[in-house]
Amino acid sequence: MPDPTLPAPATPTGAAPAGALPIGAVPTGADAGRRTTPPGQRLPVLDVEGLGVRLGGRQVLSDVSFHLCQGEVAGLIGSNGAGKTTLLRAVLGLTPVSAGHVSVAGSRGRRPPVGYVPQKVVLDPDLPIRARDLVQLGQDGHRWGLPWPSAAKRAATEELLAGVGALHLADARVGQLSGGELQRVLVAHALAGGPRLLLLDEPLANLDLRSARDTVALLDCIARQQGIAVLMSTHDVNPLMGVMDRVVYLAGGRAATGPTADVVRSDVLSSLYGHHVDVLHAHGRVIVSIGDDAHRDDGCDAVPASAGVLADEPEPSRSGWR
Amino acid sequence: MSVLHAVFAPGFFSNGPVQAALVMGAVVALVCAPVGVLAVLRGQAFAGHAFADITSTGGSAAVLLGISPVLGFAASAAAGAASMEGLGARQRGDRDLVTGTVLGGALGLSALLLYLSTTRQGTSGATVSVLFGSIFAVSAANWPWVLSLGLPALAVVAAAYRPLLLGSVSPELAAARGVRARLVSAMYLGALAASVALSALTIGAVLSTALLVGPAAAALGLSSRPGRAMAWAGAIAVVSVWAGIVLAYDSYSWPPVGRGWPVSFFVVALVTAFYAVSRAGVRRRPRRQPAGRGS
Amino acid sequence: MLSGLFSAFMLHSWEATSVVAVAAGVVGFFVVLRGSTFAAHAIPQGAFTGAAAAALLGTSTLLGAGVFSFLAVGALARWGRRGRHDVVTALVLVIMLATGSLFLSVGSQYAQQTFSLLFGEPLAVSSAYLWPTVGLAAACTGLVLVSYRRLLLTSAAPELAGAGGVSPAAVNFWFLLAIGAATTLALPVVGALLVFSLMIGPPAAARSLTARPGVALGLSVLLALVTTWAALVGAYWSNWPLGFFVGVAAVLWYLLGRGAKAWGHRPRTAPAVGSSR
């Protein structure tokens, strides 16, 4: 696709005119768009209250509370083993909750209106399923009976694929897509169910810098134009810095949550980690320095975050942070 | 005309058992094809094969008890499916272990039953006939059973088509869509057991695995659509069975004259050839260029 | 009743089954670890075909079983690298069985012979058979023990092994070869259909009882020995086929392992989800 601009996502819900905003310069454009709606008027979509999860006798999460409104993008930040996937699975209802509760707006019955993109989907290259089949399964994959072809379904599928800039991949086998391409198709699949909330588990892992930037821009665009709340986990805060309204920062099973500027601060993260943490801003990037050796065993992911070597973000408008 | 005679030996079309075999083989092939495509996609080829051997236990039991073999086949397939589901393993590696354990137990039992029937009744041919079957020995009395095993299997595949496909892409995606994974996989295991019992009953345990796995695996490379892949699998299976029957009929005049070569040998050879050709085609096919990547 | 168990005639059976059990226990440990259950089920069918071919040609059963096991191993290793493992395994299996049935139908075998090829006949182990058995068992046990660490590494983390200069494909080939050897020597004793039962039952229990690989390997051999000895006594006493006892014992071992795991379900250090610490 042509470099800096992404194809403007179509809007099946008709929430906003498609392509109304230039998307190329992501952070500023996004922030400008977001500022038009005061936070108070947004409807809450996800409410997590005092969430605790025990797995195999170990307390993986305790007392995690946050909420997410429609159209907001939230980053779920933490090193490997911090409980990011567990939190996402608890929101999906796939992991039993031992304390607190999770509620998704408009959820009735067994299937909450949540779209999910798992971290790693390994597919056989021979799988006789095309991208359009996978997106269609997002609409009706849970239904019984044989699918009947219909022009309406076909149009909806193509609109969803176009919305993520993957229409040209419609007839390719899903197993033969590259990581970034599969990511887009999976996002289209997740959107096919008409979700109010979109969960993504490490969507930026295994993507090169450009694909990662494109993915973030795409998700921001989806949130803004379709009013869908997006919660994505990542171990590096930087790629999300310009677009993220809220942060859920996990460490040691506990969480610091709130608007980005209120959480990614030295004092807040220091109290989360229980020892001194430096948060430095340099050249539009955030460097979270977790200097204690005791936490080095959290995994090597602490190192890129603290070294800040991953992201090469355009300068975000600092004043735009809440 | 002489060419036709060379291919179809005299009496081929007027032979009763041959006609029955052609019809029954086609029916079994068409039931196995969609079930087999899903078995391959879900990585359950081993379970598919295991059911074939497990039903041979039921066949041996039926021989010993003097009841209808069909009852034995169906009952043992159901018992096998139930115990696999009961021991149900979550991970794929463990699932193979469970399958292997159930299969081993069934084969052990099979050994005992065949031994007992050999010593008590002197029906020593039971081993070979149960394991290798003979499509030429299909009797018309089996038709009600064939239908009552085959139709439910197809019905399950049709009913759970979309959840099964989504689950074969990613169990996590299916769970997130609200698919009841446990129910769907139990239903599919039942369909697999029924279709394998049906094919083991009519064409023998060896052929049943070949028809379940081979055409399906060959078809995966031929179409990128799930429905069409199933259709291809059905076509390949029917062609293999029919050609195998023709060759087996012809082989009565091959050395050693008058004995005939087993149908299963020909069908397996044809199915394998289809698979090899399809794989070669896949390898030759240029890999799709990652489109739109260049700047 | 059991006095004849240790007669000179039975001595060969004791020796042969013990040798088979040691080899099956060692190889089986890695069969379970690597999830190669289906391959361990398919390769013996090759040995069965080889035995049928040997009967047709009038050569040694051991030689025929060995050659065809090797063919099956070669096909698995060659085709298994591309395409789906289980599909390739299933196809190799049916090719072998169909060829075996061809040999049986072309030749004029007695059904009794087929039966013993499939289900084994340990009470008729001859002394001429014993020494090749011991040699093969030593070879395949040695093969596994020599490549012990490589097998462990490629089982646990194939991509890690690849980075460390170990070729997973090569290791897999040698491992399949070890299965082939164990199969060949076990065929006349346990039979083609139940060799794999002996290979997966004891190791499955051993794996659940201890987390240390070395101890589990030893336990696996021990349980395999117990299985074959018990089966031999049972077969001698009842005159039923040995395979029956082996198959049932494998199920019992598996259930024991599951039970042990469920009973000792302590808080684990690594939870299943969300942590790779």
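The values are calculated or read from the model by the stated rules, or taken from the named source; none is laboratory data. Quantities reported herein were computed from a predicted structural model and do not represent experimental measurements. Positions of Cβ are generated from backbone atoms using ideal geometry, with glycine treated the same way; all protein chains shown enter the neighbour counts.
Among B:88, B:72, B:80, which is surrounded by fewer than 24 Cβ atoms within 10 Å (Cβ to Cβ) and on the phi < 0 side of the Ramachandran plot?
Numbers: B:72 fails: surrounded by fewer than 24 Cβ atoms within 10 Å (Cβ to Cβ); B:80 fails: surrounded by fewer than 24 Cβ atoms within 10 Å (Cβ to Cβ).
The match here is B:88.
Looking at region B:246-260, is at least one residue surrounded by 24 or more Cβ atoms within 10 Å (Cβ to Cβ), touching a residue at least 12 places away in the same chain (Cβ under 8 Å) and within 13 Å of chain C (Cβ to nearest Cβ)?
Checking region B:246-260: not a single residue is surrounded by 24 or more Cβ atoms within 10 Å (Cβ to Cβ), touching a residue at least 12 places away in the same chain (Cβ under 8 Å) and within 13 Å of chain C (Cβ to nearest Cβ).
Looking only at residues in region A:120-132 that are more than 8 Å from every other protein chain (Cβ to nearest Cβ) and at pLDDT below 85, which one is surrounded by the most Cβ atoms within 10 Å (Cβ to Cβ)?
From region A:120-132, those more than 8 Å from every other protein chain (Cβ to nearest Cβ) are A:120, A:122, A:125, A:131-132; that's our starting set.
Subset that is at pLDDT below 85: A:120, A:122, A:125.
Numbers: A:120: 11, A:122: 6, A:125: 14.
So, considering only residues that are more than 8 Å from every other protein chain (Cβ to nearest Cβ) and at pLDDT below 85, the one surrounded by the most Cβ atoms within 10 Å (Cβ to Cβ) is A:125.
Determine which single condition residue A:87 fails, assuming it passes every other condition in (1) facing another protein chain (nearest Cβ under 9 Å); (2) under 20 Å from the mean Cα position of the chain (by Cα); (3) in a loop (DSSP other than H, G, I, E, B).
(3)
Condition check ((1) at pLDDT 85 or above; (2) outside any helix (DSSP H, G or I); (3) on the phi > 0 side of the Ramachandran plot) across all residues:
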residue	(1), (2), (3)
C:68	yes, no, no
C:79	no, no, no
C:82	no, yes, no
C:87	yes, no, no
C:90	yes, no, no
C:101	no, no, no
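Scan region A:204-234 residue by residue and report those that are in contact with a Leu (Cβ under 9 Å, 6 or more places away or on another chain) and part of a loop (DSSP other than H, G, I, E, B).
Correct list: A:204, A:227, A:228.
Hey, among the residues in region B:247-277 that are within 17 Å of residue B:8 (Cβ to Cβ) and out of contact with any Leu (no Cβ under 9 Å at 6 or more places or on another chain), which one's modelled with the lowest pLDDT?
Filtering first and then ranking leaves B:260.
Return the residue satisfying two criteria in turn: it lies in region A:46-84 and is within 8 Å of chain C (Cβ to nearest Cβ) and outside any loop (DSSP other than H, G, I, E, B), and of such residues it is surrounded by the fewest Cβ atoms within 10 Å (Cβ to Cβ).
Result: A:58.
Residue check, residue B:228 against (1) surrounded by fewer than 24 Cβ atoms within 10 Å (Cβ to Cβ); (2) more than 11 Å from chain A (Cβ to nearest Cβ), all met but one. Which one?
Failed condition: (2).
Residue A:255 fails exactly one of the following numbered conditions: (1) closer than 24 Å to residue B:170 by Cα; (2) buried (at least 24 other Cβ atoms within 10 Å of the Cβ). What is the number of that condition?
Every listed condition holds for residue A:255 apart from (1).
Any residue in region B:198-209 that is over 23 Å from residue A:122 (Cβ atoms), touching a His at 6+ places or on another chain (Cβ under 8 Å), within 7 Å of another protein chain (Cβ to nearest Cβ) and touching a residue at least 40 places away in the same chain (Cβ under 8 Å)?
Within region B:198-209, one or more residues are over 23 Å from residue A:122 (Cβ atoms), touching a His at 6+ places or on another chain (Cβ under 8 Å), within 7 Å of another protein chain (Cβ to nearest Cβ) and touching a residue at least 40 places away in the same chain (Cβ under 8 Å).
Looking at region B:53-103, which of its residues are part of a helix (DSSP H, G or I) and of a type in the set (Val, Ile, Thr)?
Restricting attention to region B:53-103, the residues satisfying the condition of being part of a helix (DSSP H, G or I) are B:53-65, B:69-86, B:92-103.
Listed by number, the residues that qualify are B:54, B:55, B:57, B:63, B:70, B:98, B:99, B:101, B:102.
Quick check on residue B:173: is it surrounded by 24 or more Cβ atoms within 10 Å (Cβ to Cβ) and either closer than 12 Å to residue B:35 by Cβ or at the interface with another protein chain (Cβ under 7 Å from one of its Cβ atoms) (or both)?
Values: surrounded by 24 or more Cβ atoms within 10 Å (Cβ to Cβ): no; either closer than 12 Å to residue B:35 by Cβ or at the interface with another protein chain (Cβ under 7 Å from one of its Cβ atoms) (or both): yes.
In short, no.
Any idea how many residues of region C:86-105 are among the polar types (S, T, N, Q) and within 24 Å of residue B:39 (Cα to Cα)?
Going through region C:86-105 one residue at a time, the tally reaches 1.
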